[in-house]
Amino acid sequence: MGSLFGGKLAEAGLDVSLVDVFAPAIQAINQNGLSFTDKSGATHSIKVKATTSPAEVGVVDLLIVFVKCYHTEEAVRSARPMIGAHTAVLTLQNGWGNVPKISALVGQEKVLAGVTYNSAQPVGLGSVNLTNAGKTFIGELSGVHTERLERIVNAMCQAGLATEASDDVIQAIWSKLALNASGLAYSALLHFTADEGAKHEGTMNLTAALLREVVDVANAQGIGLDYAERWQTISGAMVKAVGARGSMLVDVENKRRTEIDVINGAIVDAGKRLGIPTPYNEAMVWLVQSLQETF
């Protein structure tokens with residue numbers, strides 16, 4: 001996802017640096033450009049700077065965090081040479097919990113948050129495939145429509161990344177969290193694509209039960225999720241997403257640690273705080289964590 005956003009922004013003429021700890025990929029991008037394949041199957045190379053050294057980049061206007069949730073704190077700490085007095089730090093990561101981690105390190109006033117319905121998969125060193133082109137929603141934590149928010153939204157739109165400013169970004173994050181918590185875990189456990197989950201009464205019943213818990217804990221916190229709207233959107237998307245493999249399934253297939261802790265785990269944590277039972281989400285956490293122990 002970092003390659004997708006960074007590549008598109010660089011292609012639009014912005015001064016972009018990709019930063020990652022995996023030196024072979026960085027070397028490949030610097031030597032050959034970032035290889036990008038769009039939804040039509042067409043591949044082209046994007047010239048973009050890449051480095052393993054944040055200090056080499058220096059202070060930036062915008063830092064976008066796209067690492068897995070369990071690397072968030074380490075990545076932001078290492079990126080401190082890039083963060084100046086006026087740097088905005090934007091997280092478009094999955095799940096719930098990245099905002100407070102980043103805020104604790106850089107100060108909440110620097111942080112913007114959002115969600116993206118784009119998806120991409122690495123297919124080799126310095127090579128990425130766009131697997132879904134969707135919208136991105138970003139906003140200030142305060143809900144205020146600021147000048148920096150407008151600049152970021154405009155830059156992304158000019159780069160071909162359909163982006164909207166949100167005056168309730170927490171609700172937007174929980175809307176996607178509902179989607180992810182309702183299907184990613186059992187899809188990873190059963191090795192089901194999204195549309196395969198939609199074909200079985202058992203998995204659809206489980207989707208509904210998981211979603212109900214998400215909506216209950218969201219509403220108890222004053223986050224306005226509507227069960228009927230989320231169910232219609234999620235169940236409809238499952239049917240249409242033929243062959244779509246969720247990020248958690250991809251992690252399991254590659255024997256990588258998943259983001260279960262900030263997806264279904266976030267629902268369980270909120271339920272415990274609020275006194276709301278979340279047995280279906282808790283079962284997903286137990287099962288996926290057990291599977292991870294076999295990697």
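The helices (runs of 4 or more DSSP H) falling completely within the stretch 231-295 that include 1 or more residues that are modelled with pLDDT of 95 or more, closer than 18 Å to residue 208 by Cα and in the same structural domain as residue 175 (by TED's automatic domain parsing) map to 264-274, 279-292.
Results for (1) without any contact (Cβ under 8 Å) to a residue 60 or more places away in the chain; (2) aliphatic (A, V, I, L, M); (3) exposed (fewer than 14 other Cβ atoms within 10 Å of the Cβ), shown as yes or no for each residue.
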site: 137; (1), (2), (3): yes, no, no
site: 140; (1), (2), (3): yes, no, no
site: 151; (1), (2), (3): yes, no, yes
site: 158; (1), (2), (3): no, no, no
site: 170; (1), (2), (3): yes, yes, no
site: 173; (1), (2), (3): no, yes, no
site: 185; (1), (2), (3): no, yes, no
site: 199; (1), (2), (3): yes, no, yes
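Among the residues of this structure, residue 39 counts as one that is in contact with a strand residue (DSSP E or B) (Cβ under 8 Å, 6 or more places away or on another chain), of a type outside the set (A, V, I, L, M) and assigned by TED's automatic domain parsing to the domain that holds residue 112.
Yes or no: the stretch 214-224 includes at least one residue that is in a helix (DSSP H, G or I) and either closer than 30 Å to residue 10 by Cβ or polar (S, T, N, Q) (or both). Within the stretch 214-224, one or more residues are in a helix (DSSP H, G or I) and either closer than 30 Å to residue 10 by Cβ or polar (S, T, N, Q) (or both).
Selection of strands (runs of 3 or more DSSP E) fully inside the stretch 99-159 by the criterion of at least 2 residues being at negative phi and in contact with a Pro (Cβ under 7 Å, 6 or more places away or on another chain) returns nothing. Residue 255 falls short on exactly one of the conditions (1) at positive phi; (2) free of Cβ contacts under 8 Å to residues at least 12 places away in the same chain, and that condition is (2). Under 22 Å from the mean Cα position of the chain (by Cα) and either under 28 Å from residue 151 (Cβ atoms) or modelled with pLDDT of 95 or more (or both): does that describe residue 46? Criteria not met by residue 46. Could you look through the stretch 89-122, keep only residues that are surrounded by 21 or more Cβ atoms within 10 Å (Cβ to Cβ) and among the polar types (S, T, N, Q), and pick out the one that is farthest from residue 7 (Cα to Cα)? This residue is 98. For first residues located in the stretch 217-241 and over 18 Å from residue 187 (Cα atoms), partners that are basic (Lys, Arg) and lie 6+ apart or on another chain with Cβ distances below 7 Å form the pairs 227/212.
The values are calculated or read from the model by the stated rules, or taken from the named source; none is laboratory data. Predicted, not measured: the structure shown is a model, and the values here were computed from it. Counting neighbours? That spans all protein chains shown, and the Cβs are built from the backbone with ideal geometry, glycine included.
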